[in-house]
2 protein chains.
Amino acid sequence: MRQAGRYMPEYQKIRAKHDFETMYKTPELACEITLQPVKRYGPDAAIIFSDIMVIADALGHNTRFVDGTGPVLDDPVRSAAQIEKMRPVDPYEDIAHTLKAITLAAGELPDLPLIGFAGAPFTLAKYMVDGKNLKTGRYIKSMLYDSPDLLRILLDKISDAVIKYAKAQSESGADLIQLFDSSAAALSESAFLEYALPYAEKVVNELKKAGIPVIYFALGLGPWLEYIPRIDADVVSLDWTISPARARNSIPRNIALQGNLDPAALYADPQRYEEHIDDMIMEMGKYKNYIVNLGHGILPDIPVENVEKFVDMIKQRSSRIYDRMK
Amino acid sequence: MRQAGRYMPEYQKIRAKHDFETMYKTPELACEITLQPVKRYGPDAAIIFSDIMVIADALGHNTRFVDGTGPVLDDPVRSAAQIEKMRPVDPYEDIAHTLKAITLAAGELPDLPLIGFAGAPFTLAKYMVDGKNLKTGRYIKSMLYDSPDLLRILLDKISDAVIKYAKAQSESGADLIQLFDSSAAALSESAFLEYALPYAEKVVNELKKAGIPVIYFALGLGPWLEYIPRIDADVVSLDWTISPARARNSIPRNIALQGNLDPAALYADPQRYEEHIDDMIMEMGKYKNYIVNLGHGILPDIPVENVEKFVDMIKQRSSRIYDRMK
């Protein structure tokens, strides 16, 4: 899951000098930020510092980052003409900055897996049509219920872009790809099956054909867990609303699980809820295919010392628990 | 579900003259607003215009309503001393305004069921501790993971207040009570089972013992549907992420269902997705225990003519479909 960020003093130092766009669009800065949590915590993998909205940029819809609001598109996608105008993406041209950052970071981390990432097609479409993280989903839902065929064309174009971009990340040095489907949970079940799942499935299939391992992050998809194995991901990352036992009962053993501590638990000292952490490791790790993680990114106001304590605890406990399970 | 609101011109007229607090704290205004959707749509029930935060007020933590933010507590609950100081609620003294509004509205609507409502204990605790609708849940989660015993004491005090208040609503003329558990979905599964479900269960049990029918609104509780029947509600109201077929498979036939059109569907003309509406009525209404509704309150920028079309369509279709099913 996201590791770097506002909660780290070393990140704040860079942020004080640069805006967010400059940070992820300057390969040297993005590489440096990628390495920050690696140096502080010594995790088992690194994740590149970038943003899912690079695809919107590449498709001709520039994104600005507004403090307190997040990504904002000056030219949100609302018409057939705008969608028709989108040209196929060439990631080496259009998203060169993140690809270069990946090559730099991979060079600095020869022994650590480096995770590249992309937004899943529906999640990207929602941002591009709504124009920002709009809770009501006014514009994407209008398109979905009013002009579903138009939404399908948009989703096809985005899917192609995501596939090309993810392959380019792999070619540039990413060892695996995490696909974030952060907005699919806003849909009705039938709309999820029509406008989110098949497009995520297509992206993952294409990446698997190219030999690229994939983590699918199913944020808020708890009501629909039984559909998730249709997506041929190697790892399913779960949020904290799914109990570890339910996760392992719903997802077949051959698929690894990642997750799923409540990110807000880190407001408190992990020693206060260590039994809860033990349960998580024992249940999720039952069949050994398990990556300890949070259920979502680290919240911006989390005390950094609680993250350190959590990582230390996991390192000690997981090895001890696995010894017991042998 | 919530019927009155910003999307109605007649509501905006009153809102232009009064702030939100004055609107729900003045019985005559609250009654008038309650009647507005009844006059416009001719629904099968009315719901009193009020706010779940009346309980926080009654417990000594005054709530202000800030445009764009919602309810804000100047004195959020963060310490044992604050919780100790809370005196038992006397709804006839502390929440007299809404009780009077209920009596007025019930007098105006002799032939229509009038729904009273309350927040479920965890949802109220989250607002009272966080101090506003805080997405990260920083303060409630700190309390939950750091001082769970303190949270339990608070939940007990809130539960007592909710039970007394709901009974007083019934005595004042409400025909049934809807319990809103709008924030329980922010919890991990184990925390839901410890801090939300048992308190909702207790409230509903006490109301049922007093002969009061209850609707439980399970917003975002899709991953945990199998636990919901533990709450002895007469009606379970579901959000739009649950397909009608899944809803009917998960909730026993003796419990009525309410819901669950995506409120954002009303951005579009209902004729564009009438098949979807038919499916909803056929599946959810299979065993006849069904109340057609949205999956959440009406969004503030919904075109009022789409709501009118939806209500007209439901009236026509549901009677036609039931004729066919006979």
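Within the stretch A:32-130, which helices (runs of 4 or more DSSP H) (wholly inside it) include 1 or more residues that are polar (S, T, N, Q) and under 25 Å from residue A:186 (Cα atoms)? Walk me through how you get there before you give the answer.
On the way: elements: A:54-58, A:80-85, A:91-94, A:96-108, A:121-130.
Here the list reads A:80-85, A:121-130.
Looking at (1) within 14 Å of another protein chain (Cβ to nearest Cβ); (2) in a helix (DSSP H, G or I), which is the one condition that is false for residue A:136?
Condition (2) is where residue A:136 drops out.
If the Cβ limit is 8 Å and pairs must be 6+ apart or interchain, which residue in the stretch B:19-36 that is on the phi < 0 side of the Ramachandran plot pairs with which residue that is charged (D, E, K, R) and not in a helix (DSSP H, G or I)?
Qualifying pairs under 8 Å: B:20/B:51; B:21/B:64; B:24/B:51.
Taking the stretch A:219-234, which residues are more than 11 Å from every other protein chain (Cβ to nearest Cβ) and closer than 21 Å to residue A:294 by Cα?
A:219, A:228, A:229, A:233, A:234, listed by residue number.
Spot the failing condition for residue B:220; the list is (1) without any contact (Cβ under 8 Å) to a residue 40 or more places away in the chain; (2) assigned to a helix (DSSP H, G or I), and only one is missed.
Exception for residue B:220: condition (2).
Taking strands (runs of 3 or more DSSP E) that fall entirely within the stretch B:225-326, which contain at least 2 residues that are among the aliphatic types (A, V, I, L, M), free of Cβ contacts under 8 Å to residues at least 40 places away in the same chain and surrounded by 19 or more Cβ atoms within 10 Å (Cβ to Cβ)?
Numbers: elements: B:235-237, B:256-261, B:290-294.
Answer list for the stretch B:225-326: B:256-261.
From (1) open to solvent by less than 40 Å² (accessible area, probe 1.4 Å); (2) at pLDDT 95 or above, pick out the condition that doesn't hold for residue B:152.
Here residue B:152 meets the rest and fails (1).
From the residues in the stretch A:253-274 that are of a type in the set (A, V, I, L, M) and closer than 30 Å to residue A:213 by Cα, which one is farthest from the other protein chains (Cβ to nearest Cβ)?
Within the stretch A:253-274, the subset of a type in the set (A, V, I, L, M) is A:255-257, A:261, A:264-266, A:268.
Checking which are closer than 30 Å to residue A:213 by Cα leaves us with A:255-257, A:261, A:264-266.
Working: A:255: 18, A:256: 20, A:257: 14, A:261: 8, A:264: 4, A:265: 5, A:266: 9 Å.
That would be A:256.
Limited to the stretch A:26-53, what total is found for residues that are open to solvent by 40 Å² or more (accessible area, probe 1.4 Å) and within 18 Å of the chain's Cα centre (by Cα)?
Residues in the stretch A:26-53 being open to solvent by 40 Å² or more (accessible area, probe 1.4 Å) and within 18 Å of the chain's Cα centre (by Cα): 1 in total.
Identify, by number, the condition in (1) closer than 25 Å to residue A:226 by Cα; (2) open to solvent by less than 10 Å² (accessible area, probe 1.4 Å) that residue A:114 doesn't meet.
Every listed condition holds for residue A:114 apart from (1).
Just checking, how many residues over the stretch B:1-35 are among the basic types (Lys, Arg) and touching a Gly at 6+ places or on another chain (Cβ under 9 Å)? Please lay out each step first, then the result.
The initial filter retains those residues of the stretch B:1-35 that are among the basic types (Lys, Arg), namely B:2, B:6, B:13, B:15, B:17, B:25.
Add one more test, that the residue is touching a Gly at 6+ places or on another chain (Cβ under 9 Å), and what stays is B:2.
Qualifying residue count, the stretch B:1-35: 1.
The values are calculated or read from the model by the stated rules, or taken from the named source; none is laboratory data. Remember, it's a predicted structure, so these values are computed and weren't measured experimentally. Cβ coordinates were reconstructed from backbone atoms using ideal geometry, including for glycine residues, and neighbour counts include every protein chain displayed. Surface accessibility is based on the protein's heavy atoms, side chains included, excluding ligands, DNA and RNA. Shrake-Rupley method; radii C 1.70, N 1.55, O 1.52, S 1.80 Å.
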